[in-house]
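Below: one structure, written as structure tokens.
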Amino acid sequence: MRIGYTCMSEQSDPRWLVRDARAAEEAGFDLVVFSDHYSPWLTSQGHAPYAWSVLGAVSQVTSRVELMTYVTAPTMRYHPAVVAQKAATVGLLSEGRFTLGLGSGENLNEHVVGERWPAVEERQDMLVEALEIIDELFEGQLLTYAGEHFRVDSARLWDLPERRVPIAVGVSGDKSCTRFAPLADHMIAVEPDPSFGPAWDAARTPDQPAASRRIGQLPVCWDADRDAAIARAHDQFRWFAGGWKVNADLPTTAGFSGATQFVRPEDVAEAIPCGDDVDAVVEAASAFFAAGFTDLALVQVGGEHQQPFLEAAQRELLPALREAAASNDPSPS
């Protein structure tokens, strides 16, 4: 089990993100994942820097930790040929430590380019074409592509890392597992659903490597004052309560504020570990361990509250999480 740290662009200045990523490596995290947003979920979060500039900077101030987007939508705001170029560049800058995490996106970030927001089936069709384009460009060959949603004219990546950039794709159920597993290396999911892994593995093709990572994410709000943690989590993270079917379609922070106006602080406290109870974080994480996830990236809610969390992670959280993960590992010791 790899334990990761989330550089959540929606809640932090880009300079803080670079500082926090370096501190996460020093604290002993195995990977650092980056959200790729044009807008925060709620106005109170207050930030949305360009993730790829941050990644480039982080690649130069870290040396060991893995890096990953969690996730980029290669469909509207970014053309997939440009995403392939960015990913290859970060792969080079990081000396092979980068994984490209992809998903079908949210209206919140993609509507800014002025195009209509497609229905979920069309978004997934677009993602399939994008994966095909990125995969071909990672081969280093000249590509001309004519699909229903994207065209590529005589494109080639001139700077490719020695280690091909792995691709991970976000899924939300058996249908998306079946659709995307043949096109990606690893699976991303934010729910510890034990059915996802078997569905993903069953859909993989014989020519794909047997080992495929399952990468989850868990928000926490670490604070010595539990009441302050609950208030902060409610203020900045109650957007999660609508679920992904709702969250993918709302276009603005005002929409998320309205949609979550009746979410209570106690509702958030039931869903997110708040305070400084190590056992509560381990209990929440154990659902991912039991579901067969190989990686879990923690999100500390509150951009200016990262240092106490990172100190606690190094001192007590990471050892406790790794011990709990080991106890759930079914493989022989």
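The values are calculated or read from the model by the stated rules, or taken from the named source; none is laboratory data. Since the model is a prediction, treat every value here as computed from it, not as a measurement. Virtual Cβ from ideal backbone geometry, glycine too; neighbours counted across all protein chains shown. Calculation scope for accessible area: heavy atoms of the full protein, side chains included, ligands and nucleic acids excluded. Shrake-Rupley method; radii C 1.70, N 1.55, O 1.52, S 1.80 Å.
The portion of the accessible surface of the chain made up by carbon and sulfur, rounded to a whole percent, is 51 (1.4 Å probe; DNA, RNA and ligands excluded). The figure for residue 67 is an accessible area of roughly 0 square angstrom, using a 1.4 Å probe on the protein chains alone. Here the stretch 44-177 is treated with +1 on each Lys and Arg Cβ and -1 on each Asp and Glu Cβ, and its dipole about the Cα centre works out to around 460 debye.
Residue-wise HN-Hα couplings along the stretch 47-59, as the Karplus relation 6.51 cos²θ - 1.76 cosθ + 1.60 with θ = phi - 60° gives them from phi, are 9, 5, x, 6, 4, 6, 5, 4, 4, x, 5, 5, 4 Hz; Gly and Pro carry x. Remark on the chain: Rg and Dmax equal 19.1, 57 Å (Cα only). Amide H contacts of residue 186 (H built 1.01 Å from N, in plane; Pro and chain starts excluded): 167, 168, 169 sit under 5 Å, all sequence-distant by 5 or more or on other chains.
Label sites at residue 146 and residue 246, each approximated as a point 7 angstrom past Cα along Cα to Cβ, lie 4.5 nm apart. Computed from the Kirkwood radius of its Cα pairs, the Stokes-Einstein diffusion coefficient for the stretch 1-155 at 37 °C and 0.692 mPa s stands at 202 µm²/s. In percent, rounded to a whole number, the relative contact order of the chain is 20, using alpha-carbon pairs under 8 Å and six or more apart. Close amide H partners of residue 218, meaning residues 5 or more places away or on another chain with modelled amide H under 5 Å apart, are 297, 298, 299.
About its Cα centre, the dipole of the chain is roughly 520 debye, where the only charges are +1 on Lys and Arg Cβ and -1 on Asp and Glu Cβ. Quick check: from the Cα gyration tensor, does the stretch 202-275 come out rounded (a/c under 1.5), prolate or oblate? Oblate, since a/c reaches 1.5 and b/c is not below a/b. Longest span of the chain, sites excluded, free of GluC sites (Glu not before Pro) in DSSP loop with at most 10 other C-beta atoms within 10 Å? Result for the longest clean stretch: 163-333. Across the stretch 36-88, the relative contact order, built from alpha-carbon pairs under 8 Å that are at least six residues apart, equals 29 percent. With each label modelled as a point 7 angstrom along the Cα→C-beta vector, the residue 322-residue 61 pair spans 2.4 nm. Extending 7 Å from Cα along the Cβ direction at residue 279 and again at residue 254 yields two label points whose distance is 4.7 nm. Across the stretch 137-182, C-alpha contacts under 8 Å between residues 6 or more apart give a mean separation that, scaled by the residue count, equals a relative contact order of 29 percent.
Between residue 119 and residue 44, the FRET efficiency from the beta-carbon distance, with R0 = 30 Å, is close to 0.50. Give me the 1.4 Å probe accessible area per residue for the chain, excluding ligands and nucleic acids, in Å². On a per-residue basis, the chain sits at 43 Å². Phi angles of the stretch 4-14 translate, via the Karplus equation with coefficients 6.51, -1.76, 1.60 and θ = phi - 60°, into HN-Hα couplings of x, 10, 9, 7, 8, 5, 5, 10, 9, 4, x Hz per residue; Gly and Pro are given as x.
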